[in-house]
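Here the structure is laid out as C-alpha cells; the discussion comes afterwards.
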Amino acid sequence: MYKSFRIYCVLALFTFAMFFIQSCKNNTQIVGSSGGTSKQILKKSTVNGQVVTESSGIPLDSALVFISSSSISQVTYTNSQGKYTFQIELGSTTTFSITTSKSNYVNDTTNITVTYGNDYNAPLIKLAQINTGTTPSGNPKSIYLISQSASSIGVKESGSIETARLTFEVQDSVGNPIDIDHSVDVYFYLGSSPGGGESIEPTVIRTNTLGKASVNLTSGTKAGAVQIIAKINFGGETIISKPVSISIHGGLPDLNHFSLSAESMNFPGYDIYGLKDKITVYVGDKYGNPVKPQTAVYFTTTGGIIEGSALTNNLGTGTVSLLSAAPKPDDSILGPGFARITASTANENLNTILTQGIILFSGTPRIIVIPSTFDIPNGGSQQFNYTISDENGNPLAKGTSITVTVDGTSVGSQGNLSVTLPDTQDRAWTKFNFMVFDNVDTVNVASPVSISILTTGPNGSAIKTFSGISR
C-alpha cells in the first residue's frame, strides 16, 4: 500500500507541473511577420478507453490512468465498467503516452496518436495480475502469442504506423506462466516476408517475472504478409510458437502507379439511358505496392453520371459505376460519343494526382452500302463496301453481330459475311466488304439477286436490303 501511495503522489506532482506548463503555453501569443499577434486555435478531442484484467477480461474499477504528452497531462480513474475518458484541447495532431496502474497489477504504458480535431478510441488495456503466491511454476513447455499492438502496419514513409509490438508468454506443463526462477531466452526470427527490409528487435530477450517476452516488428519498403516466430531452447528440446502473421500495407498513392480501366471501353449508352459500366482504378505506392486500404479516390466524367468516390481494397483497387445519362458526351478532340473519366487522389506530398480514361458511348446502328444497285455480267463479279456504325460514325458495342445474306441462282459470295465486334473504339471496325460473283454458264440470262445486311446487338438492330441482277 505504501508503494502504491508513493506512485500516486509522484503522478499527482507531475500532473500539477504539466498543468502549470500547459497553462503558460495556452496563454502564449504567436507574433506574425507583420508584427501582429494571434492565438493558436485549439480544438477539443475526447479520448475513450477501457481497462480489463488480462487473464479474465473482467473490467478493472478504480485503476489509475495517466495521459501525457510534451505539453499536456491528465489523470483519471476507471469506473465500474473499467472505462475512462479524457477531454483534451489540441493545437495539432499529438502523440500521447497512456500509463495505467493498479495495486497488485503490472503497470502498462501505451502510446497513441490523436488527430487534431478528432476523437480517439484507445486500444483495450489489459493489466496482468502480479502473482503474489509462493507456488513456483514448472519448466517451460509452450510459448504462444498473448497480445499484439496492431494487426497491420504500413510500409516506410506511408503515413501509417510502421511498428507493431508482439508479446509472447512462456508456460509450464499446466498452463501457468513461468516465473523468474525458470526464465529462458526467447529467440525471434522472421518466417515468410515480402523482403523489403522489414526487421525485428530484439532478436533475443529473456522472459520477465510473468513469463513474457516482447518483440517489435518494423516495416520495410514492400507490402505483404510477415510471419514472426518465437523459439526457446530448454533441456535439449526446441519449443516453437505457431507463426504469427502481420500484414504490411502499402503507402500513399504515386502517379507512376495510378491507372484506370473500364469493364467496357465501348458501351451502348449514347441513346440508351440507365446502363452501367464499371470503372476501376489501380493505385500503387512509390515502391509498386498496393496503397494502404481505404485510400479514397474521386471521379468525374464529361458524359453521363459517375459515382463520386471509391475506397481501395487490399489490392489497391477501387470500382465505381458509370451511368449512361445526360449529358451526352462530345469530346473537343475525339468528337461526339467520347467521354473522359478522371480519377484523382493525393500523394505523399499532399498534391493531387490524376489519371484519365476514354469511354465511348455508342449509339443506334446505321448501315450504308455502296453500290446499292448492281448488274453482274456472266462470269463477272461485284465488290460491295459497307459501313456499320452508330449515328456518330463510331463502332458499335462488343458482341454486335453482322450477317450478310445473298440470295440468287448461279451466284456465290465471299468476304465479311459474318462478323462479331470486339470491345473497341477503333473506327476501322465500321468498314467491311464482300464480293458477289456470277458462275460462268453458256446461257446469258438475267437472274434476280437479293442481298440483305443485318446487324443486331447491345445497340439495337438494323437491316439493309437491296437487289440487282446477275447474268
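The values are calculated or read from the model by the stated rules, or taken from the named source; none is laboratory data. All figures in this text were calculated on a predicted structure; none of them were measured in a lab. Please note: Cβ atoms are built from the backbone with ideal geometry, for glycine as well, and neighbour counts cover all protein chains shown.
Worth pointing out:
- Positions within the range 297-323 being over 15 Å from His249 (Cβ atoms) and not hydroxyl-bearing (Ser, Thr, Tyr), in sequence order: Val297, Phe299, Gly303, Gly304, Ile305, Ile306, Glu307, Gly308, Ala310, Val320, Leu322, Leu323
- Qualifying residue in the range 202-225 (condition: hydroxyl-bearing (Ser, Thr, Tyr), surrounded by fewer than 16 Cβ atoms within 10 Å (Cβ to Cβ), within 18 Å of Ile161 (Cα to Cα) and at pLDDT 90 or above): yes
- Residues that are hydroxyl-bearing (Ser, Thr, Tyr) and modelled with pLDDT under 90, drawn from the range 95-114: Ser103, Tyr105
- When residues of the range 318-341 are limited to those that are surrounded by fewer than 17 Cβ atoms within 10 Å (Cβ to Cβ) and either touching a Phe, Trp or Tyr at 6+ places or on another chain (Cβ under 7 Å) or not assigned by TED's automatic domain parsing to the domain that holds Tyr273 (or both), the one farthest from Asn394 (Cα to Cα): Ala325
- The single residue among Phe5, Phe86 that is at pLDDT 50 or above and of a type in the set (Phe, Trp, Tyr) turns out to be Phe86.
- Filter result for Val244 (within 22 Å of the chain's Cα centre (by Cα) and hydrophobic (A, V, I, L, M, F, W, C)): no
- Note on the range 306-316: among residues that are out of contact with any Pro (no Cβ under 8 Å at 6 or more places or on another chain) and under 18 Å from Val283 (Cα atoms), the one that is surrounded by the most Cβ atoms within 10 Å (Cβ to Cβ) is Ala310.
- Only one of the listed residues (Tyr287, Tyr270) is crowded, with 19+ Cβ neighbours inside 10 Å, of a type in the set (Phe, Trp, Tyr), at pLDDT below 95 and touching a Lys or Arg at 6+ places or on another chain (Cβ under 7 Å). That residue is Tyr287.
- Among the numbered conditions (1) among the small types (Gly, Ala, Ser); (2) within 13 Å of the chain's Cα centre (by Cα); (3) surrounded by 16 or more Cβ atoms within 10 Å (Cβ to Cβ), the only one that Gly303 does not meet is (2).
- Ile178 vs. criteria buried (at least 17 other Cβ atoms within 10 Å of the Cβ) and either assigned by TED's automatic domain parsing to the domain that holds Asp108 or in contact with a Pro (Cβ under 8 Å, 6 or more places away or on another chain) (or both): yes
- Lone unmet requirement of (1) over 30 Å from Lys222 (Cβ atoms); (2) under 26 Å from the mean Cα position of the chain (by Cα) for Ile180: (2)
- Just one residue in the set Ser71, Ser80, Ser92, Ser62 is assigned by TED's automatic domain parsing to the domain that holds Tyr120, at pLDDT 50 or above and in contact with a helix residue (DSSP H, G or I) (Cβ under 6 Å, 6 or more places away or on another chain); that residue is Ser71.
- Candidates Ser450, Ser413, Ser461, filtered to the one that is loosely packed, with under 15 Cβ neighbours inside 10 Å and without any contact (Cβ under 8 Å) to a residue 60 or more places away in the chain: Ser450
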